[in-house]
1. For segment 432-626, taking Cα atoms only, what is the radius of gyration to one decimal and the Dmax to the nearest whole Å?
2. Using a simple spin-label model with points 7 Å from Cα along the Cα→Cβ vector, what separation in nm is obtained for L205 and D385?
3. Just to be sure I understand: if I project the alpha-carbon convex hull of segment 321-420 onto a plane and average over all orientations, what area do I get in nm²?
4. Using a 7 Å offset from the Cα along the Cα-to-Cβ direction at both L228 and R328, what is the distance between the two label points in nm, to one decimal?
5. Counting only the heavy atoms of the protein chains, how much of E479 is accessible to a 1.4 Å probe, in Å² to the nearest 10?
6. What full-extension length gain, to one decimal in nm, is calculated for V173 and N500 as 0.36 nm per residue of separation minus the Cα-Cα distance?
7. If you take all C-alpha pairs in segment 174-285, what percent of them are over 25 Å apart?
8. What share of the DSSP beta bridges in segment 432-626 is antiparallel, in percent to the nearest 5?
Amino acid sequence: MKKIISILLVFIMLLPSFAVANPNNEIAEMEMDGKTINFNTIQLGVQGKLTSTDVPAVIHDGRALVPIHIIKDMDIKVEWTEATREVSIITTDKTIVMKIDSPIAIINGEAKRLPSDVPPKIITYRNTGRTMVPIAFLRELGLIVNWDEHTRTVSVEAPKDVIVGITESPISVKEVKDITVGIEGSNSEIRIYTGEKINFTKLQLTDPDRLVVDFENTKFNLNNKSQLLSNNTLQLEIHANGIRSVRASQFKVDPFVTRVAVELEEMKSYEIFYDESTKDMVIQLEGYEGIDKIDKIDKIDKIDKIDKIDKIDEDDVDEGFNYREITRSSTRLELSGSDITQYDFAVSDYGRTLHIITSKDYIELPIMNIEINDLLLESINIGEDLDGDYYHIEIRLKENVNYQGLSPSNTKNYFIEFTIGNNHLVSKEGVLIVIDAGHGGTDPGTTSSINGLVEKDIVLDISQRLNKLLVEAGYNTYETRTADTTVALLARAEIANQLNADLFISIHANSADRQDSATKKIILNPIPYGVENYYHPSEENLSKHSNSMELAKILQKEMVEAMGTYDRGVKTANYAVLREAKMASVLSEIGFLSNPEEAAKLKTTEYRQVVAEAIYQSIIKYFQKVS
């Protein structure tokens, strides 16, 4: 590969930062992290000239820190977002987002650790605050950085033999403009619009089965940016025709590589080729028997209108909405869009009210309140948000009604079925539920490399929401911790045993990131996502074994349905909190903090409430089944 000098390189630490100390440094009183600190100041040279900045360069913990805005003089765009305390460094081919106090940077959608894990800091001098970064970071931008011990000067320059940001010998870079999923005959197809044939490499992975295709010298630059997640990745949840999901992102930037990962029910024969007629690169997968096919996105079939329940005036509704009777004891709500869109589902009011939120882009619904008053539903209210961009559908159930989602959250047509419950009233008197918020105090659990969320904080919040729901419903509860305190592992199960609890649930968040045993560096893995519930397969206590397994199954089903996430299944484990508990006990992993989408969701109070409601509903259904 010919020599390329780019202003932004992938963050791989090649050189150490300067470790400097000089007792003769001038001292300046500045503020950092809410404290007043005496810093040793140093001189700063930019492009061969000494530069005076409102916040001077300093030495802190043996490292030179400089204000990031100095690189503006080198035609690099720097932006500050106050609401999120993030600084963005932008060029024509790369975007780096750094959060104050976080050692993780997002580079074209991919999380990378900053050199030596030194985060950007805000240092304030004479009422002016600036974002400061270690000089090792500037080296990783492809800039030339030198230290003169005699004059205590850091100099920063762009390479003299090239224009910053321009390669000496340009390489033809292709672009991925669109990705769609559909069928052709009996085969599934993922079509990647590129406009020209592109070289690629492929890789097959297992657990789960995945086909990974890397397109060489290719930028990930979709025409429709609204499809992207906050980290600039595309995620299509398919769950049909043997395809679970399709994900795409900018995998590398030097050289450019766009990665498309297809998660499958099971690996099948496939072919990758260029379609000259459509200018698409095509991943064609052998057909799956016995699985409903998905509609081709570019050829949407008109759905036949089905009869409405007599209580709804057909003139008042639209083809996108349909509520109809299935049997004498079951009904179905059907929402029909013109294209694949996202349907967000939530539950409130102890399972009596369901909420569906979806964009108006691909579905047309009437804004109205429909009084149903049949055996199952009281009403369906179709409203909209304040900006008029989303529909909010609120479904009010009658007592003793079960509901089941029949569609993935990312789909064209969304179905929910309602049935008369066979539930009998369960006495809550004397029933005790122990809620265990995992980790706490000196044990933080996992920390998200995406947005800095800490497991111990997230699970405590969800545990307290669950406790509130159970107490208000009349249950007796006990929380192993109600604040950020340390609780010994075995003490958690022992508390439940001493209280003679009827149910023990331990709430945790997951992560697929791992630490390399040799280098101690964190290896990021943003792919896995979804929920899973664990129980201990007790051979000595068959009643506990049976009840724990039943509880785990109910939790898994309800959480997947309510949270609209991937079903990772019910699993067994020899965890101490499960092994030592003498009652029905489950450890629930509510999602992956290492996954960009799930980390973003878990950051919101709305989604945490959905998680709590799902666990609450599971507990209700468990006691209804076993009592």
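1. 15.9, 52
2. Distance between the two pseudo-spin positions: 3.1 nm.
3. Approximately 5.9 nm², given one-decimal rounding.
4. Calculated label separation equals 5.7 nm.
5. Counting only protein heavy atoms, the figure is 40 Å².
6. Details: separation 327, 0.36 × 327 = 117.72 nm, distance 6.59 nm.
Contour length minus Cα-Cα distance gives 111.1 nm.
7. Numbers: 877 of 6216 pairs.
That tail contains 14 percent of the Cα-Cα pairs.
8. On the way: 7 of 27 bridges.
If we restrict to bridges inside segment 432-626, about 25 percent are antiparallel.
The values are calculated or read from the model by the stated rules, or taken from the named source; none is laboratory data. Predicted model only: the values in this text are computed from it and were never measured. Quick reminder, even Gly has a Cβ in these numbers, built from the backbone with ideal geometry, and neighbours come from all protein chains shown. The accessibility values were calculated without ligands, DNA or RNA, using every heavy atom of the protein model including side chains. Shrake-Rupley method; radii C 1.70, N 1.55, O 1.52, S 1.80 Å.
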